[in-house]
Amino acid sequence: MENTETEKIIVIKDVYKKYKGRMALKGVSLSIRKGEIFGLLGPNGAGKSTLLSLLATIVPPSKGAITVQGLDLRKHKKKVREQIGYVPQDLALWEEFTVKDNFTFWSKLSKRKKSKEELYKLCEKVGLGDRWNDRVENLSGGMKRKLNIGIALIHEPSILIMDEPTVGIDIQSKFEINRYVKELAAEGTTIIYTTHDMSEITTICHRMGVLKEGRMDFIGTIEEAKYNAENEGWNIKNQEELIYHILK
Ligand SMILES: Nc1ncnc2c1ncn2[C@@H]1O[C@H](COP(=O)(O)OP(=O)(O)OP(=O)(O)O)[C@@H](O)[C@H]1O
């Protein structure tokens, strides 16, 4: 992947976020390229969800600038929003309705309304084709996560922001979600992904960023992280040791 200015679909420059006296982000800068899967790591309370909320235009930054495809997020909130799909940590589903009704409901609210056939295709793509007529309350945790992802993709965003999309689900669903994320990126969707799971970072992410107490402590590939650790005199034997070193 070339590192040209034009390829930088997201540019975050010296961003701060303050919540009632607490500084959650303290000067974060980061660029993300088109089609990249960028993993965001960090201990609890490091500011990962805050950074994602800023990108998803849910909360504004206190200071600093964010551009998405060259559009300043403060000035072009609506246009930026059209390009972003957000998969929140908490599920936003109507439990007592069917998968089909959930897709239809969110499609009606979307700028790019989809036909029933298109919604079904999307449902199949996220691996829920055979659950189209099932009530959400009868789905497994993994299936609900897939539905959450499907809903975030209705308006065909060029950027997908995923806040721990595989936390607490079965291994097969996790594998399927990871595979789908890779497919989406190969088709050109840019993905920002938070997880506490290092194996996910190593299998799906092109690069990662490590947030610590609101500051970006490291940005690079897993190989670079390992190289840095070894340069500091650490003998990294496995993934667990690397994650311990990265997060310490
Ligand atoms: N709405 C809010 N009001 C006040 N403080 C907040 C709010 N949201 C987050 N914070 C604080 O900002 C800091 C960063 O929180 P954030 O949720 O972004 O971290 P995180 O890295 O996503 O954590 P986790 O891994 O536990 O989800 C924390 O100290 C948190 O308590």
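Among the numbered conditions (1) farther than 17 Å from residue 148 by Cα; (2) without any contact (Cβ under 8 Å) to a residue 60 or more places away in the chain; (3) not in a strand (DSSP E or B), tell me where residue 118 comes up short.
Unmet for residue 118, out of (1) farther than 17 Å from residue 148 by Cα; (2) without any contact (Cβ under 8 Å) to a residue 60 or more places away in the chain; (3) not in a strand (DSSP E or B): (1).
So which of 100, 20, 26 ends up being modelled with pLDDT under 95 and among the basic types (Lys, Arg)?
Details: 100 fails: modelled with pLDDT under 95; 26 fails: modelled with pLDDT under 95.
Just one listed residue meets the conditions, 20.
Condition first: within 26 Å of the chain's Cα centre (by Cα) and outside any helix (DSSP H, G or I). Now tell me which residues in the range 218-248 satisfy that.
Within the range 218-248, 218, 219, 220, 221, 238, 248 meet the criteria.
Could you please give the count of residues in the range 88-108 that are over 21 Å from residue 163 (Cα atoms) and under 21 Å from the mean Cα position of the chain (by Cα)? Walk me through it before giving the result.
Keep residues of the range 88-108 that are over 21 Å from residue 163 (Cα atoms), which gives 96-101, 104-105, 107-108.
Narrowing further to those that are under 21 Å from the mean Cα position of the chain (by Cα): 107.
Looking only at that region, the number is 1.
Have a look at 212, 248, 237 and point out the one that is touching a residue at least 40 places away in the same chain (Cβ under 8 Å) and either farther than 22 Å from residue 182 by Cβ or touching a Lys or Arg at 6+ places or on another chain (Cβ under 6 Å) (or both). Before the answer, list the steps.
Values: 248 fails: touching a residue at least 40 places away in the same chain (Cβ under 8 Å); 237 fails: touching a residue at least 40 places away in the same chain (Cβ under 8 Å).
That would be 212, the only listed residue that is touching a residue at least 40 places away in the same chain (Cβ under 8 Å) and either farther than 22 Å from residue 182 by Cβ or touching a Lys or Arg at 6+ places or on another chain (Cβ under 6 Å) (or both).
Exactly one of (1) over 17 Å from the mean Cα position of the chain (by Cα); (2) buried (at least 16 other Cβ atoms within 10 Å of the Cβ); (3) not polar (S, T, N, Q) is unmet by residue 209. Its number?
Condition not satisfied by residue 209: (1).
Scan the range 230-242 and tell me whether some residue there is among the aromatic types (Phe, Trp, Tyr), at pLDDT 90 or above and either within 16 Å of the ligand (Cβ to nearest atom) or surrounded by fewer than 19 Cβ atoms within 10 Å (Cβ to Cβ) (or both). Spell out how you get there, then give the answer.
Kept after step one, since they are among the aromatic types (Phe, Trp, Tyr), are these residues of the range 230-242: 234.
Cutting the leftovers down to at pLDDT 90 or above gives us none.
No; the residues of the range 230-242 include none that is among the aromatic types (Phe, Trp, Tyr), at pLDDT 90 or above and either within 16 Å of the ligand (Cβ to nearest atom) or surrounded by fewer than 19 Cβ atoms within 10 Å (Cβ to Cβ) (or both).
So, restricting to helices (runs of 4 or more DSSP H) that lie completely within the range 13-113, which ones have at least 1 residues that are buried (at least 18 other Cβ atoms within 10 Å of the Cβ) and within 16 Å of the ligand (Cβ to nearest atom)? Before you say what the answer is, go through the steps one by one.
Working: elements: 48-55, 77-83, 99-109.
So the answer is 48-55.
Do we have residue 39 as modelled with pLDDT of 95 or more and touching a Cys at 6+ places or on another chain (Cβ under 6 Å) here? Don't jump to the end; show me each part of the working.
Numbers: modelled with pLDDT of 95 or more: yes; touching a Cys at 6+ places or on another chain (Cβ under 6 Å): yes.
In short, yes.
In the range 79-101, how many are in contact (Cβ under 8 Å) with a residue 40 or more places away in the chain, touching a helix residue (DSSP H, G or I) at 6+ places or on another chain (Cβ under 9 Å) and under 20 Å from residue 115 (Cβ atoms)? Even if it seems obvious, please write down each step before you answer.
First, pick out the residues of the range 79-101 that are in contact (Cβ under 8 Å) with a residue 40 or more places away in the chain: 82-89, 91-96, 99.
Restricting the remaining residues to those that are touching a helix residue (DSSP H, G or I) at 6+ places or on another chain (Cβ under 9 Å) gives 84-89, 91-96, 99.
From what is left, the residues that are under 20 Å from residue 115 (Cβ atoms) are 85, 99.
Result for the range 79-101: 2.
The values are calculated or read from the model by the stated rules, or taken from the named source; none is laboratory data. Because the structure is predicted, anything quoted here is derived from the model rather than measured. Note that we place each Cβ from the backbone using ideal geometry, even for glycine, and neighbour counts take in every protein chain shown.
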